[in-house]
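Taking it in order: structure first as structure tokens, then the write-up.
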Amino acid sequence: MKRSWFPVLACSSLGFSLVAGCGVSSNFPAMTGATVYLSGSQLSSSGSSSAVYWKDGTAVTLPDKGHGSDATSIAVDTSNIYVAGTVSDGTNNIATLWTNGTATALSTDSSSAASVAIAGTDVYVAGSDGNTAEYWKNGTAVKLTDGTKPAAAESIFISGTDVYAAGYEDSAADSSGIPVAKYWKNGTEMDLGAGAQSSASSIYVSGSDIYVAGYTCVSAGAVCSQAATWKNGTLTVLTDAVNTNATSIVVSGSDVYIAGNGGPSTGGAPTIAGYWKNGTATPLDSDSEGVDATQVLVSGTDVYVSGSLETAAGYWKNGTPVPAATGAGGSLASGIAVVAQ
């Protein structure tokens, strides 16, 4: 999912029983048994954004063209680190894939890259090019929509020989339209929104089941989004609170984990980050400024959630916050990869 600095959800309660805010330490502790990678962005004191990734807390700044960049997703295999994001060329933001720190532009036009996945030797990146939702396989674009209406692919998942992507397409070509959640299997579209304002942030396939996370508007209004999931096209709204969003979904065995964000709907209040396990909500922070949950990942018995911990990029491991180092302007972790040792 595309992120912004910092969460601007004037949000509502996610339905969590709120607990005291989690404190964060100033040091990134040494990990045992796993290497943790984070993708994200670092803000300078002047407010410019630079794409970075962290390996066990050590930041690697990714090359750009000197006009700003943003990293949105990370995937790691035995010998390569892949980071997807955007690089500004001074005029447009360009979808970009960094492989072991080397940048490759995926388009020459205004575009974005939201999600990266690996399948064997193939690398897939989901995003948009102009108004068109698409993904790139090893740098070659595969269009999912015809470009007549604004659309974007926000997540990609590979299952065997099948390629799944999720995102949205607007209901109209002009400003009268609303985003409508969709996913695509091998390019074939599935409309999840049934005409309602909605969007899909994440997709995961387990066996024959297709899980999608995002938001829907059960009733129309200026503030109407509610965190939601779809299983095989069937909608489940996760909370009755508005201005909430599910950002990531993963299945581990018979358990379904969903990361999301929310906060008081009256506006002006900080974001509340958390996750659901099989529909039961766990808050990761109660009332801190600039907190965001971007991706959930399960490794063995451990549950990781990336995001921002106040103004520091980092993650929660089994509910315990682990911040990465931050510069003068703050930082955000957009994605996470864990490699067991």
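Within the range 95-112, restricting attention to residues that are of a type outside the set (S, T, N, Q) and in contact with a Ser or Thr (Cβ under 6 Å, 6 or more places away or on another chain), which residue is surrounded by the most Cβ atoms within 10 Å (Cβ to Cβ)?
Result: A95.
Quick grid of which residues meet (1) over 22 Å from D255 (Cβ atoms); (2) modelled with pLDDT of 95 or more; (3) within 19 Å of the chain's Cα centre (by Cα):
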{"site": "D191", "(1), (2), (3)": "yes, yes, no"}
{"site": "S198", "(1), (2), (3)": "yes, yes, yes"}
{"site": "C224", "(1), (2), (3)": "yes, no, no"}
{"site": "T239", "(1), (2), (3)": "no, no, no"}
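How many residues, within the range 83-107, are of a type in the set (A, V, I, L, M), under 17 Å from the mean Cα position of the chain (by Cα) and more than 14 Å from D129 (Cβ to Cβ)?
Qualifying residue count, the range 83-107: 1.
Taking into account only those residues within the range 113-131 that are surrounded by fewer than 24 Cβ atoms within 10 Å (Cβ to Cβ) and touching a residue at least 40 places away in the same chain (Cβ under 8 Å), which is nearest to the chain's Cα centre (by Cα)?
Among those residues, the one meeting the criterion is A117.
Hey, can you tell me all the residues within the range 302-324 that are part of a strand (DSSP E or B) and polar (S, T, N, Q)?
Those that are part of a strand (DSSP E or B) and polar (S, T, N, Q): S306, S308, T320.
Six or more apart or on different chains, Cβ under 9 Å: which pairs go from a residue in the range 231-247 that's part of a strand (DSSP E or B) to one that's of a type in the set (D, E)? Could you list them?
Filtered contacts from the range 231-247: K231/D209; T247/D292.
Here is a list of conditions, (1) touching a strand residue (DSSP E or B) at 6+ places or on another chain (Cβ under 6 Å); (2) under 27 Å from L297 (Cα atoms); (3) not small (G, A, S), and H67 meets all of them except one; can you say which number that is?
Condition (2) is where H67 drops out.
The values are calculated or read from the model by the stated rules, or taken from the named source; none is laboratory data. None of the values given here were measured: they were computed from a predicted structure. Because the Cβ atoms are built from the backbone with ideal geometry, glycine has one as well, and the counts that use them run over all protein chains shown.
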